[in-house]
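Peer 1: Before anything else, here's the structure in question.
What follows is calculated from the coordinates using simple rules that are stated; it is not laboratory data. Every value quoted in this text rests on a predicted model; they were computed, and no experiment measured them. Methodologically, a virtual Cβ is constructed for each residue, glycine included, from the backbone with ideal geometry; neighbour enumeration extends over all protein chains shown.
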Amino acid sequence: MPNQKQPNQAAEVLIQALPYIKQYSGKTIVIKYGGNAMIDETLKAAVMQDIILMRYVGINAILVHGGGPEISDAMQRMGKEPAFVGGLRVTDAETMEIVEMVLTGKTNKNIVAHLNKQGGQAVGLSGKDGNLIVAERETTKGDIGFVGRVVKINPELLHTLSAAGYIPVISSVAIGAEGESYNVNADTVAGELAAALSASKLIVMTDVEGIYQDFADKDSLISQMTVKDARQLITDGVVDKGMIPKIESCVAAIAGGVERAHIIDGRLPHALLIEVFTDQGIGTMIRR
Ligand SMILES: Nc1ncnc2c1ncn2[C@@H]1O[C@H](COP(=O)(O)OP(=O)(O)O)[C@@H](O)[C@H]1O
Ligand SMILES: CC(=O)N[C@@H](CCC(=O)OP(=O)(O)O)C(=O)O
């Protein structure tokens, strides 16, 4: 399709981006990618382009991906019924194998291939590589098997890859003290990594515009709030389901020193570029 912008308009767009390029070049931005934007191929291509552009202007872009629906599909094909306790997948030994095959084997490599096809230099990792994400068994929700609680992040490998211009793509499979695998929620991993890397931003992409004060009222989108407000939303039961781990990961990131966390709509093409490089605030921003 021909570019419908007049040349001066195109120049304006680039000039508007300049202060943001200056602000974030050389800084780290952690992106959690999942949900709808992952299933739709056109949206997926747009997300990859945004990340490649971020990398080319010198931003250390780190991508953490989910893949919950794909894991559930694979389980069902293998005759296993997915079950969740408090939003976490009950993960017996066989399910852990499926999680690792799908997330680290398939989804991770698929994203890496997409990024590389479009001109990026992506490297796929799980939390096992370089002992990146060390976990122990999550025990606060009863026995839910090999679900992990993050105990340590070793981000050195990510610094090395970013410094060399690579885009690390990370699946949320962690390693235990005995080398065993743990299944960790991908939102949680993104928040922990953002804190460990002292990222400038954590951006969580999802399948709604952002956080609503009242989920039934689409005019009640919260454009920004403090960590205290965010915690209150969970206490008051305003957010539930998949939104709770997202808010918790934003809160953990900010408590760990990240400046800002954003929950944005992955269904909007180029939502990442709009968030990082324009004056337009989209989604919900959480700050100290
Ligand atoms: N107050 C709220 N505002 C926005 N979304 C909410 C709220 N409370 C619950 N949600 C739910 O959280 C979901 C996002 O979490 P999830 O389905 O896990 O997303 P993803 O697949 O992107 O990880 C939304 O689709 C929505 O149904
Ligand atoms: C413990 C736990 O629940 N792990 C998640 C890991 C994947 C994930 O978080 O994917 P989304 O971001 O697409 O939801 C799971 O098994 O589904």
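Peer 1: Would you mind working out the magnitude of the charge dipole of the stretch 214-288 relative to its Cα centre, with +1 at each Lys and Arg C-beta and -1 at each Asp and Glu C-beta, to the nearest 20 Debye?
Peer 2: Here the size comes out at about 240 debye.
Peer 1: Still on this structure: If you average the sequence gap of Cα pairs under 8 Å that are 6 or more apart and divide by the length of the chain, what percent do you get for the contact order?
Peer 2: 22
Peer 1: Report the Cα centroid-to-centroid distance between the stretch 269-283 and the stretch 101-143 in angstrom, as an integer.
Peer 2: Centre-to-centre (Cα) distance: 26 Å.
Peer 1: Could you give P(r) for the chain, binned at 10 Å from zero, as whole percent values over all Cα-Cα pairs?
Peer 2: P(r) for the chain, in whole percents per bin: 7, 29, 37, 21, 5, 1, 0.
Peer 1: How large is the helix-only mean residue ellipticity at 222 nm for the chain, computed as the sum of -39500 (n - 2.57) over DSSP H runs with n ≥ 4, divided by its residue count, in deg cm²/dmol to the nearest 500?
Peer 2: Rounded to the nearest 500, it is -11500 deg cm²/dmol.
Peer 1: Separate question: Using the Cα centre as the reference, give the magnitude of the dipole from point charges on the C-beta atoms of the chain (Lys, Arg: +1; Asp, Glu: -1; all else neutral), rounded to the nearest 20 debye.
Peer 2: Charge dipole of the chain: 760 debye, to the nearest 20.
Peer 1: In what sequence, highest mean first, do 252-259, 39-46, 74-81 appear when ranked by Cβ atoms within 10 angstrom?
Peer 2: Listed from highest to lowest mean packing, they are 252-259, 39-46, 74-81.
Peer 1: Okay, moving on. Can you tell me, using C-alpha contacts under 8 Å and at least 6 residues apart, the relative contact order of the stretch 7-77 as a whole percent?
Peer 2: 40
Peer 1: Moving on to the next point. Looking at the chain, send over the antiparallel percent of its DSSP beta bridges, to the nearest 5.
Peer 2: So the antiparallel bridges amount to about 35 percent of the total.
Peer 1: Quick check on packing: order 222-228, 241-247 by the mean number of other C-beta atoms within 10 Å, highest mean leading.
Peer 2: Those peptides, ordered most packed to least, come out 241-247, 222-228.
Peer 1: Cα-Cα over 23 Å: which of K201/K228; K22/K44; K117/K152?
Peer 2: Exceeds cut-off: K22/K44; K117/K152.
Peer 1: Select from L43, L161, A93 the residue farthest towards the positive end of the dipole of the chain; place +1 on Cβ of Lys and Arg, -1 on Cβ of Asp and Glu, and compute about the Cα centre.
Peer 2: Farthest towards the positive pole: L161.
Peer 1: So for each of 149-157, 26-34, 119-127 I average, over its residues, the number of other beta carbons within 10 Å; can you give me the resulting order with the highest mean first?
Peer 2: Final packing ranking: 26-34, 119-127, 149-157.
Peer 1: Would you please classify the overall shape of the stretch 183-288 from the alpha carbon gyration tensor, given that a ≥ b ≥ c denote the square roots of the eigenvalues, rounded means a/c under 1.5, and beyond that prolate means a/b larger than b/c while oblate covers the rest?
Peer 2: Note, shape of the stretch 183-288 comes out rounded.
Peer 1: Amide H of G145: which non-local residues (sequence gap of 5 or more, or other chain) have their own amide H closer than 5 Å, using H built in the peptide plane?
Peer 2: T91
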